[in-house]
1. Can you pull out the residues in the stretch 1-35 that are more than 18 Å from residue 90 (Cβ to Cβ), modelled with pLDDT of 95 or more and among the aliphatic types (A, V, I, L, M)?
2. Which condition number in (1) within 21 Å of the chain's Cα centre (by Cα); (2) under 21 Å from residue 24 (Cβ atoms); (3) not basic (Lys, Arg) is the one that residue 301 fails?
3. In the stretch 131-145, which residues are touching a residue at least 40 places away in the same chain (Cβ under 8 Å) and closer than 26 Å to residue 60 by Cα?
4. Of the numbered conditions (1) in contact with a helix residue (DSSP H, G or I) (Cβ under 6 Å, 6 or more places away or on another chain); (2) at pLDDT 90 or above; (3) not charged (D, E, K, R), residue 58 satisfies every one except a single condition; which is it?
5. Would you call residue 246 modelled with pLDDT under 95, surrounded by fewer than 20 Cβ atoms within 10 Å (Cβ to Cβ) and not aromatic (Phe, Trp, Tyr)?
6. Would you mind telling me which numbered condition in (1) surrounded by fewer than 20 Cβ atoms within 10 Å (Cβ to Cβ); (2) assigned to a strand (DSSP E or B) residue 255 fails?
7. Given the options 19, 74, 81, 9, name the one that is touching a residue at least 40 places away in the same chain (Cβ under 8 Å), hydrophobic (A, V, I, L, M, F, W, C) and closer than 27 Å to residue 238 by Cβ.
8. When the residues of the stretch 1-54 are narrowed to those that are of a type outside the set (A, V, I, L, M, F, W, C) and part of a strand (DSSP E or B), which ends up surrounded by the most Cβ atoms within 10 Å (Cβ to Cβ)?
Amino acid sequence: MCKRMCKRIYKLIKKYDSIVIARHVGPDPDALGSQLALKDSILATFPNKKVYAVGNPASRFRYMGGLDGIDSDIMSKSLLIVTDTPNKKRVDGYMDGALCSIKIDHHPFVEKFCDVEWIDDTSCSASQMVMELIFNTGLKLTESVAEKLYIGVVADTNRFLFSYTSSKTFELVSRLIRESGIDFTKVYDNLYLRPLKEVKFEGFIANNLTVTENGFAYLKVTQDILDQFDVDAATAGNMVNNFNFIEDFVAWGMFSIDKGNGDTIRGSLRSRGPVINEVAAEFGGGGHKMASGVRLKNFDEVDLIIEALDKACLEYKTK
């Protein structure tokens with residue numbers, strides 16, 4: 001199935017001279033890694049094609065590469081590829097009008113919104129799927145492509161700690177390192193190097209988390225808090241992975257105001273037991289059973305999802 005789908009996608013990539021690659025709002029390293037690595041690989045293989053990586057930038061990950069602006073005229077002449085996004089609502093930017101569309105995603109199925117959909121929820125990341133696409137087709141693997149894909153895999157597996165890391169993941173990563181020759185130890189520098197203000201912000205989070213009786217921990221991050229530490233909503237959301245091994249709670253979430261996305265609330269959710277993607281889906285979000293995201297309209301909705309997540313923790317603990 002995988003090889004057939006890879007060849008089908010490669011055939012479409014060869015067919016179109018203009019290609020737009022999108023991913024989800026509030027991008028993490030896997031979204032950007034899969035998107036930008038695919039762009040670089042296509043351009044290395046087909047230098048005469050026009051390839052655009054679109055979406056709002058994330059300052060925290062600007063070292064991964066720049067993004068492109070397009071208009072409806074470009075989209076109307078292009079193949080659209082969407083990575084790391086299970087539903088149309090979460091695509092960053094408009095996506096209507098493309099000649100053909102492809103989805104490459106590792107989340108559980110939510111809805112069909114592309115002409116061709118490759119979904120593998122056994123894969124650890126969209127970056128792993130792009131690796132498979134490259135290894136099963138004529139797409140080229142450069143050092144830059146390999147570094148971006150490695151970052152995507154490492155970030156989405158939390159350095160291979162999460163349960164959906166598989167033997168296949170290690171096999172693909174081993175081949176990636178062997179064939180590209182990247183110094184993967186240096187790749188960690190950009191991924192984990194951070195300014196002192198973020199370390200102080202992490203301390204603030206630890207000191208201000210609210211933990212319910214049922215073991216759900218959360219923090220509401222207002223604009224005043226972001227301004228105090230000079231960080232953005234993406235930084236706050238990505239902090240969620242720093243609290244994986246605290247025994248006092250079984251699930252946790254960060255809810256941050258995001259002025260760059262219409263003053264919506266960015267919710268980043270994690271779990272060590274309760275299934276949280278079903279709760280996220282009730283509020284228009286989604287993701288994996290133990291790692292999900294959601295966009296909420298206001299803090300009143302945050303209170304509602306906290307109540308639902310707390311209930312999920314209670315049900316988990318009383319099984």
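1. Within the stretch 1-35, 5, 9, 12, 13, 19 meet the criteria.
2. Unmet condition: (1).
3. Filtering the stretch 131-145 for residues touching a residue at least 40 places away in the same chain (Cβ under 8 Å) gives 131-142, 144-145.
Once the filter is applied, which keeps residues that are touching a residue at least 40 places away in the same chain (Cβ under 8 Å) and closer than 26 Å to residue 60 by Cα, the stretch 131-145 yields 131, 141, 142, 144, 145.
4. Failing condition for residue 58: (2).
5. Answer is yes for this residue.
6. Only one criterion is unmet by residue 255, namely (1).
7. 81
8. Checked the stretch 1-54; the qualifying residue surrounded by the most Cβ atoms within 10 Å (Cβ to Cβ) is 24.
The values are calculated or read from the model by the stated rules, or taken from the named source; none is laboratory data. This one's a predicted model, so the numbers in the text were calculated from it and none came from an experiment. All Cβ positions, even for glycine, are placed from backbone atoms using ideal geometry, and neighbour counts span all protein chains on display.
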